[in-house]
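The values are calculated or read from the model by the stated rules, or taken from the named source; none is laboratory data. This is a predicted model, so every value here is computed, not measured. Every residue, glycine as well, gets a Cβ built from its backbone with ideal geometry; the counts of neighbours run over all protein chains shown. Ligands, DNA and RNA are stripped out before the accessible areas are found, and what is left, the full protein with its side chains, is counted by its heavy atoms. Shrake-Rupley method; radii C 1.70, N 1.55, O 1.52, S 1.80 Å.
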Amino acid sequence: MRLFIAVAPSAEVVEKLAAIQRTLVDTKADVRWVKTNDYHVTVKFLGEVEEQLLGQLAQRMTKAAAEVPAFELEVEGLSRFPERGPARVIISRVISPDQRMTRLHRLIDSAVGGMGLPMDTRVLVPHLTLGRVNSNHGLNRLLRLLEKHDLDFFGSFPVERVVLYQSVQSKCGTKYMALCHAELGK
């Protein structure tokens with residue numbers, strides 16, 4: 001099973017990002033755009049995990065999440081990954097003013113590492129993926145538009161839980177299925 005742990009943005013943030021995404025789509029750039037109901041902020045990508053580990057994974061995720069009090073995330077600006085070289089992903093930046101997102105990531109990363117799953121070697125860069133670049137067709141128009149919206153503020157939202165998702169590939173694209181969730185501390 002291909003799994004990841006994430007937080008979902010509020011409906012208000014999704015609505016604002018959907019509006020800007022429609023503007024980006026109008027550039028006709030060759031980008032595979034993320035469906036708005038699939039917007040999320042990844043806390044930890046797990047990759048392929050054996051199904052029999054789900055129970056233990058859920059327990060460890062729940063324990064780690066309970067150690068971090070609920071917090072706010074801010075969503076601002078449009079950008080791309082990587083910042084230099086060919087663009088591969090179109091994103092909106094996510095800011096955790098008090099760094100609780102980083103703490104949540106570290107605790108979950110450590111918890112799943114204790115199960116023998118790979119731990120992250122890169123620094124967490126919270127973001128919402130809006131699209132994945134397929135080719136350079138129309139990309140210059142899109143990148144200029146990203147620069148115009150670099151400082152836009154799309155809102156903030158409370159993070160009160162994390163969700164374990166399964167990513168299922170099909171001919172119709174990728175579908176995310178929520179398997180379980182864990183509440184953050186009070």
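Each Cα pair under 8 Å and six or more residues apart adds its separation to the average, and for the chain the resulting relative contact order is 36 percent. Distance from the C-alpha centroid of region 101-116 to that of region 38-69: 9 Å, rounded to the whole angstrom. Pairs of Cα atoms nearer than 8 Å and 6+ residues apart set the relative contact order; for region 80-186 it is 20 percent. The angle separating the long axis of helix 100-113 from the principal Cα axis of greatest extent in the chain is about 60 degrees.
If only the Cβ of Lys and Arg carry +1 and only the Cβ of Asp and Glu carry -1, the dipole of the chain around its Cα centre is close to 500 debye. Quick one: angle between helix 54-66 and the longest Cα principal axis of the chain, in degrees between 0 and 90, rounded to 10, please. Around 80 degrees separate the two axes. As a length-normalised measure over Cα pairs under 8 Å and 6 or more apart, the relative contact order of region 23-108 settles at 28 percent. Restricting to DSSP loop positions (anything but H, G, I, E, B) with no more than 11 other Cβ atoms inside 10 Å of their own Cβ, which trypsin sites (Lys or Arg not before Pro) remain in region 93-148? Answer by residue number: ARG122. Sorted largest first, the principal axis extents computed over the alpha-carbon atoms of region 53-186 equal 46, 37, 26 Å. For CYS180 and ALA19, what does the FRET efficiency come to when R0 = 35 Å and r is the distance between their Cβ atoms, rounded to the nearest 0.05? Computed FRET efficiency for CYS180 and ALA19 comes out at 0.65. In region 1-57, a dipole from Cβ-located charges (positive for Lys and Arg, negative for Asp and Glu) runs towards its positive end, and of ASN37, THR27, ALA8 it is THR27 whose Cα lies farthest in that direction.
Computed over the chain with a Gaussian network model linking Cα atoms closer than 10 Å, the most mobile of LEU57, LEU130, LEU78 is LEU57. Along each principal axis, taking the top coordinate minus the bottom one, the Cα set of region 90-158 gives 45, 29, 16 Å in descending order. Report, ordered by chain and residue number, the aspartates and glutamates lying within cross-link reach of LYS148, taken as a straight Cα distance under 18 Å and ignoring same-chain residues fewer than 8 apart. Partners within reach: ASP26, GLU76, GLU83. The alpha-carbon of LYS63 sits under 24 angstrom from the alpha-carbons of these lysines, leaving out residues fewer than 8 places away in its chain: LYS44, LYS186.
Specify the angular offset, from 0 to 90 degrees and rounded to the nearest 10, of the alpha carbon long axis of helix 11-25 from the longest principal axis of the alpha carbons in the chain. Compared with the principal axis, the helix lies near 40 degrees. Surface composition of region 1-128: carbon and sulfur make up 51 percent of the accessible area, probe 1.4 Å.
The residue among LEU46, ALA111, SER92 whose Cα reaches farthest toward the positive pole of the charge dipole of region 36-132, with charges on the beta-carbon of Lys, Arg, Asp and Glu, is SER92.
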